[in-house]
Structure formats: C-alpha cells, structure tokens
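S.K.: Right, I'll just put the structure down here and ask away after.
What follows is calculated from the coordinates using simple rules that are stated; it is not laboratory data. Everything quoted here is computed from the prediction, not taken from an experiment. Here the Cβ is made from the backbone with ideal geometry for all residues, glycine too, and neighbour counts use every protein chain on show.
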Amino acid sequence: MRSRFSLLLLLLSTQLCFPQRSGNLSGHVREERTNVPVESVALEVLSSGTRAAAPVMSGMDGEFQFPYLKDGDYYIVASKGGYDTVTIPVSILAGSAAPVLINLPRHDAKAPSGAGDSVSARELSIPDKARAWFEKGKQLLYEKSEPEKSITEFRRAIDQFPTYYEAYLQIGIAHYRLAKYVEAENDLLKSIELSAGKYPDPLFLLAQMFNDQQRFVYAEPLARHAIAAGDASWHGPFELARALVGLKRGAEAEASALQAKELKPDNPQVYLVLANVHIQQQKFALVVRDFDDYLKLAPDAPGSDQIRERRDRMRKALQHETPRSDTPKPQ
C-alpha cells in the first residue's frame, strides 16, 4: 500500500502546476476611476445563460484569456470583492474577437472607513504635471502595448512627485511585461516602501510573483501583509495558501485555502491548492475529491486532461487498497 502511493506521489510531484491560460478571447481589467490594472478578478464567459468555458482569473497586469470558443455572442461577467460586478457583451466572428477592455468600478460601500477621504487627499496632492505623465505612461502601457516607452513617462511623473508609489507599481508591471523580473521586483518593493505598506496592490503582485518563482519564504509575509492592508477578497488567503504549501506547512495552508474557497468557491485554482495540501498530508481520498471539484469547474481547461488522468490513477489505487494485516477481523 505505502509503495503504491509513493509511486503516485512521484507521478503527481510535490506541487501541482497551474494550467496556463490560452485562447482567442482575451483582454484586460482596469479600475474604472484610476485605470490601474486589477488582478485576480474572477471572469466567466456565458452563452444563453450557461458557462461557455471554464472560469479564469485576471493576471498580474489585469490580463485574461479564455480557451478557444466557437463563433457567436457571449457575455463576460467580471467580479471581485470591493468592486461592482460588470457584465459586457462580446462577439466572436471568424474564430477571433477584438481585445476586451473591462472597466471595474470600486464599490465604495465596502471600502474601509476613512479610505475615501485619504485617497481624495492624496489625489489632490499630486501635481497636475505628474498626473499627466502618469496618464501618458498608462496609455503607452495598456492601449499601445509599449512598456519600454511607458517607463520613461512614469519616471517623469516620479521626478515631479517623488512619492508617487502608484507610478512605481506601473513601472514594475511594465518591467514584468518585458520579462525583467529583478527590475519588476525592485519597483514593487519601492512602491511598498513609499506607501508604508498601506497600498495592497504591490503586496499582492509581489506575493504572486514570488509564489510563481517558488520563493515561498518571501511570498508568505507579503500575502499576510496584503491581507492586513485591508483587501477582503479571496486573493490574500489564496496566495498565502500557495506560499504555505511551498513551505510544507500543511495545516496552515489548508486553513488559508479553505478560507479562499469560502470566499470564492467557483475559483478552480483553489482546488489545486487544496490538492497540493492533501498530497502533502497523504489524504488521498481528499485529493481525489479536490480533483473532482476542479474538473467540475474547469473540465476543458488546458492541463485538465493531465489532472483527470492523475485523479483516475489515484482513485484506482484507492479502490485496490488492501486492509492492513492488523485490522481486526469480524467475529
């Protein structure tokens, strides 16, 4: 029995990889008022009121992609804690669609007490010239897809307003797009420093980056700090769970993953985190259940066939488990 599951663990590996998104329906999510990218937005694509593909989450700079869809009319529903849910119509013709831009309004009723006043005061303190350079940088980064040129404009904004931590965040995103990960890390750290850790966006982004790089010991405190900074979405517990799985702290990881699941039960990636936790704990029946839950939400996602194969292999092993020799026999 033990050797059977040792083999399964080798086949599964210690940490499951998250499927990469791909498709022909893509776009970006931004905050409506500030035009800042919004990561970890839950997105669903619907046709005639039913899901047309597995749900996805927006990435580090707000990007998202769905698996390939047939020609037709669809609706994309975007939701995240602290924001109003947005539904927009899209059409796919001849196998493709124009990139989709989703502007997500903040839901002020969920903002922490006093947050609106502090934001307004900060906005008033930013010089007009710095704001103009900042807006030009965002236009280059998001509308024209010219990250290298956008960095120049963001730096001009910082020259006018040295504590412009939002600009450092944008430079970090630009460097990330350019695959300059060391530079991106330094920019996000600078944004955290200048905001005194009260601006959650760079905390979440850096925690995600460190988890993606398997630098879990650095991701953990950032995820905890981001939660403490006031974001009540599922993303904080999710990144914290990923870090704790990497650190092999199963009980803590399970608690954080279950919290993320409670906040966003239709996020398929949460169930992969739980599967990783239960693999470490050798709770193989729970691993099978986690895979089942994942595949119900994302049956056709890239990588789902591999997950399905692993689940079936583990289920078969469980079915052939032989009773231990010291198990009392019925009289």
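S.K.: Measure up Lys136/Lys180; Lys261/Lys283; Lys180/Lys261; Lys198/Lys264 against 27 Å on the Cα-Cα distance and list the ones that go over. Intermediate values should be presented prior to the final figure.
M.R.: Numbers: Lys136/Lys180 22 Å; Lys261/Lys283 18 Å; Lys180/Lys261 33 Å; Lys198/Lys264 24 Å.
Pairs exceeding the cut-off: Lys180/Lys261.
S.K.: Can you give me the C-alpha center-to-center distance between segment 222-253 and segment 254-317, rounded to a whole angstrom?
M.R.: Taking the Cα centre of segment 254-317 as reference, the centre of segment 222-253 is 18 Å away.
S.K.: Under a point-charge model restricted to the Cβ atoms of Lys and Arg (+1) and Asp and Glu (-1), what is the dipole moment magnitude of segment 221-324 relative to its Cα centre, in debye to the nearest 20?
M.R.: Around 400 debye, computed over segment 221-324.
S.K.: Fewest first, what order do Glu321, Glu63, Glu239 take by the number of other Cβ atoms within 10 Å? Numbers along the way, then the final one.
M.R.: Details: Glu321 12, Glu63 17, Glu239 29.
In increasing order of surrounding Cβ atoms, one gets Glu321, Glu63, Glu239.
S.K.: Right, another one. Grab the beta carbon distance between Asn186 and Ile88, set R0 = 45 Å, and tell me the FRET efficiency rounded to 0.05.
M.R.: About 0.80, to the nearest 0.05.
S.K.: Quote the relative contact order of segment 127-196 in percent (integer), defining contacts as alpha-carbon pairs under 8 Å separated by 6+ residues. If you can, show how the numbers build up before the last one.
M.R.: On the way: 92 pairs, mean separation 19.5, N = 70.
In percent, rounded to a whole number, it is 28.
S.K.: Mind ordering 31-38, 220-227, 153-160 by average Cβ neighbours within 10 Å, highest first? Could the numbers behind the result be given before it?
M.R.: Details: 31-38: 17.2, 220-227: 22.1, 153-160: 20.1.
Ranked by mean Cβ neighbours within 10 Å, highest first: 220-227, 153-160, 31-38.
S.K.: Mind checking the full-extension length gain between Arg131 and Asn35? Use 0.36 nm per residue of separation minus the Cα-Cα distance, one decimal, nm.
M.R.: So the chain would gain 33.3 nm between Arg131 and Asn35.
S.K.: What share of Cα pairs, in percent, lie more than 20 angstrom apart in segment 25-109?
M.R.: That tail contains 28 percent of the Cα-Cα pairs.
S.K.: Lys248: which aspartates and glutamates have alpha carbons under 19 Å from its alpha carbon, excluding same-chain residues fewer than 8 sequence positions away?
M.R.: Asp212, Glu220, Glu239, Asp290
S.K.: I need the shape label for segment 127-196. Rule: rounded when a/c is under 1.5, else prolate if a/b > b/c, else oblate, with a, b, c from the alpha carbon gyration tensor. Present the calculation step by step, with values, prior to reporting the outcome.
M.R.: On the way: a/c = 2.32, a/b = 1.04, b/c = 2.22.
Oblate is the answer for segment 127-196, as a/c is 1.5 or above yet b/c matches or exceeds a/b.
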